[in-house]
Each structure stands twice: as C-alpha cells, then as structure tokens.
C-alpha cells in the first residue's frame, strides 16, 4: 500500500467485505442448523465427574461417542464417519450402524450424525471400535457461572438438546439440567 | 582495517540492497566509513553528516513502525482474550456487530494511514484487522458452541490474512498467513498421524505472494516451512524410517541450486537461498540417520564422514561464492556434528583423547584450507 488511490480504497473494502461474508456465513450456517434441524435430546455422560466445569465451559461426553462405536474395518483416525442412532429409551441414544458415506436411515425415527474419528482401537478377532467427535463436546457458559452450575448438576442428570441437519451436521441448542433448559440464547 | 572475522569476499559483495537489511547495512557502512575517512575520500564533517542521517532513519521510522506492529499484535491479543473471557451478558447480535465494527474500523484506519504515506502504521492496522478477523472466528465458534476441528478455523483465518496481504500488498499480513498455515499443517499432521500433503497448497499460494511482492524475508519463511515439511517426511514415510530420502531430497535441492546458479547467474540470492535450505534438509536427514536410527558402527562412521565432508564443502562454497548463510551453516553444523559424535562415541569405541586428536586434526586441516582461501581472496590493499 505505498500509494493509495481510489482503487486501493476498493481493495480495502473488498478485504473487509470478504472477511465479513466469511463470518456471516459461519453464523448463518449455524443458525440455519439450529432453526431447521431435527431436535433430539441425548443424555450426557460427564467426562471427568470431579471436574465437569473446567473454567467456563463444560466438556460433554455421549454414549455414542466414546470408545464404543463399532466402525468399518477400513476406517482411519481423522476420517469422516456417519453414525446412525436409535432412541432405545428416552434420551438414551444407541448406535445402530456406522458408515463412511452418508446413508438415508431405513427407519425414520433413526437419526444420522456426522462425526470425525478421533481414535481407533483395534483388537484381535473383533471389529475395530472408535472414539467419535461430533463437534458437540463443549458448551460455553457465562464467566463465573461454571462452578454454580456444577453444584446444580451434581446428582442430577444432564442432557443436551441437539439440532441435527439433513446432512448429519449437529449443533447444541441448550443444556437440560433436571428438565430445565439452561443458558439458551436467541439465535442471533 | 577490517575487523577480524569478516570475510573479505563477503564484505566486498553487496548481497542485500540496503533497505532490505537495515542492520547489516549499518554495520557495513560503519566499517566502510572509517576506511573511507582514513583514505581521505570522506571528510570528517561528511562522515558525521552521514552518521546523523543514518541515525535519523533508523531511530524514528524503524522504531515507530516496529512499535506499531507490536501494538497491533498486543491489541489483537487483547481482542482474543476478551473473547475468551466470555462476554455473554451481551446479546449475540451486539457481540457480532461490535466485532464487525472493529474489523471495518481497522481496515478503514489502514486506508487512512496509507493515504497519509504512513506505510508502517498502515501495515500495523491491517495486521490488527486480520487479528480481529481471527478473534471473530473464535467468538462465533464459542457463541454457537462449535467444537469442530480447530484447525479448520485456523485455515479460514490464514485465508483472511492472505487475502488482506495480497489485496493491500501488506508483507506483515502475508508473514502472519504463513505462520498460521504452519500451525495448521503441524496440528493436522499430529491429529491425523500421517504426512499432511494438503499443507503444500496454501504454502505454495503464500510463497507465490512473497515472490510477487519481491519480499526476501518472506521467501526465507517459505524456505524454512518447506524444509521443515521435507524433514518431517523422514519421520512419517516408510514407517518413520525415510531419512535417506530426506538426505537425497536435500542433496537434490543443493545440486539444482548449483546448476541454477550456472544457468541463470543473474539471480544469486535465489540460488544461494535454495542451496542453504537444501543443506539444512540434507543435514537434518543425516543427523536422523546417525543419531536417531542407531546404525551399526561402520554405517555410523560412513555417515559421520559424509556429514563432515558436506559441512566442509558448505564452508568452502560459502567462502568461494560469498554465500554467508552456507558459511555459517557450515561452521555451526560442523560444531554440532563434532559435539554429537563426541556424545555418541564417548566411553564406547573411541576414547576421549583419541577423539579430540582426530577432531583437532580435522579442524586444523580446515583452518589451513580456510587460511589459503582467505589469502587468495584478499584483495590488493586499498588502504594506505
């Protein structure tokens, strides 16, 4: 930017505009998912029961995420995976099957989540099992409220209200503590 | 008189245009001024005037610009820690609007500063805008509880930095883009536990921007990043034992640089840079073969001799062609190689005194070679 001509002002505007569009599309994609996605409620299993609220966000674990997902033989760490779930009992979702490509669930009550294989555990004479990350493993809470919420959560069950898109994308809508939704915000 | 340790060959070659390398320029002119005054070419008043002019250039603009860049980095960090502190008492729409206002404000400020000819400050404001773009990505991820792959966010940020760097021709922003891409490549390689080839795509784009800008420090950043990538191949390919390939790649780069210098002698900086990064790659591969792979003794001795020969060749080349980088790599590499061999062999086959004797003989031979070269390279005395 040695000399600034009207053309350079255009360059400045283009940079700011392209970056604004990038940020806006991030927000829009998320809001569309939260608004249009199918809502499911899934039970949360604490990752470390002694320290659920580390700082000001919660680390959330799911029964269909941690080390127990049977995956196809040829799957590798870092691969994309589609996991089909079925609600066995209220908020208890269990894995029906996994695939490396998107597949329409045979039963309309089933739901398919898109995830990334975090780690594959291979044992002899057994199908490999994997930890799967869906991008719904953390929930930020306002500064200073983490510890308070932690007290509230003890001995109570928490679950997460999730929005699932038609392509398997998934987002957290809210946390549900003892039947009450906490910290749910408007979309914008 | 020249201070000891300055190689005459190198001092006589003007490798860098002065503006690109203010510090070495100042050092050189300091020495030259004394010589010129003693030769009677420059009056003492002239020398004082030149020195004052130099001081002014460095002290005011250089320092102010450096401080401006630092302040942009600090404010960028302030924005990010503000984000991390979870300002969730504000509605989301307000948070988003604030971020966008800060983004547009930074770029607008950059435009105003550039218009007034304050290029350094304008670059700092651009860097601040890029920092706010990254902070906004993190803010949005946090606001919507997106816990996806953090590396994707870094890549998006790097894209924004590259865009700003190219559109506004801002070198600090381009440098930051490369830093982000390196971070992205390393974290993806660690996550996937394999060679992360996609790294080469943004690397090539940013390197092309450096070349287009004719920005030499940026090209060094590119060379460093690519050398690191090639060296990492040795630990990833062939079950982590591909260091021979790394050595071959490094030697091939060096050969290409030497051939290139013959074919296109009008671009010495490009070829000497390529030669030095080739040397770094070849040495890293040789060191991995010697000290990481635990080879048999005869193989180890062969490799050590090869490494020392390569280093002596680098010093020789550095002196002959005025390639200061090769010279220093040669000296430093030689010392490290000797120390590493010492560490590996002490108490095993060779005893300490024998080792020092051998090392001493090698170094004295090197000194003799260096002395002869020095004597040959010494220009006819210009000073009375």
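Shape class for region A:82-137, computed from the alpha carbon gyration tensor (a ≥ b ≥ c): prolate, with a/c not under 1.5 and a/b above b/c. Taking label points 7 Å from Cα along the Cα-to-Cβ direction, residue A:88 and residue B:294 give a separation of 4.6 nm. Can you bin region A:37-182 into rounded, prolate or oblate? Criterion: square roots of the alpha carbon gyration tensor eigenvalues sorted a ≥ b ≥ c, rounded for a/c under 1.5, prolate for a/b above b/c, oblate for the rest. Verdict is prolate for region A:37-182.
The residue B:54 and residue A:13 beta-carbon pair, evaluated with R₀ = 25 Å, returns a calculated FRET efficiency of approximately 0.05. Note on residue B:152 and residue B:301: with the Förster distance fixed at 45 Å, the Cβ-Cβ geometry gives a FRET efficiency of about 0.40. Label separation (residue A:107 vs residue A:59): 3.3 nm, computed from points 7 Å beyond Cα along the C-beta direction.
Projected label points at residue A:122 and residue A:167, each 7 Å from Cα along the beta carbon direction, are separated by 3.1 nanometres.
The ranking of B:137, A:59 from fewest to most other beta carbons within 10 Å of each one's beta carbon is A:59, B:137.
Going by neighbour counts of Cβ atoms within 10 Å, the residues B:184, B:36, B:197 line up, fewest first, as B:197, B:36, B:184.
Values quoted throughout were computed directly from the atomic coordinates according to the rules given, and no laboratory measurement underlies them. All values reported here derive from a predicted model rather than from experimental measurement. Because the Cβ atoms are built from the backbone with ideal geometry, glycine has one as well, and the counts that use them run over all protein chains shown.
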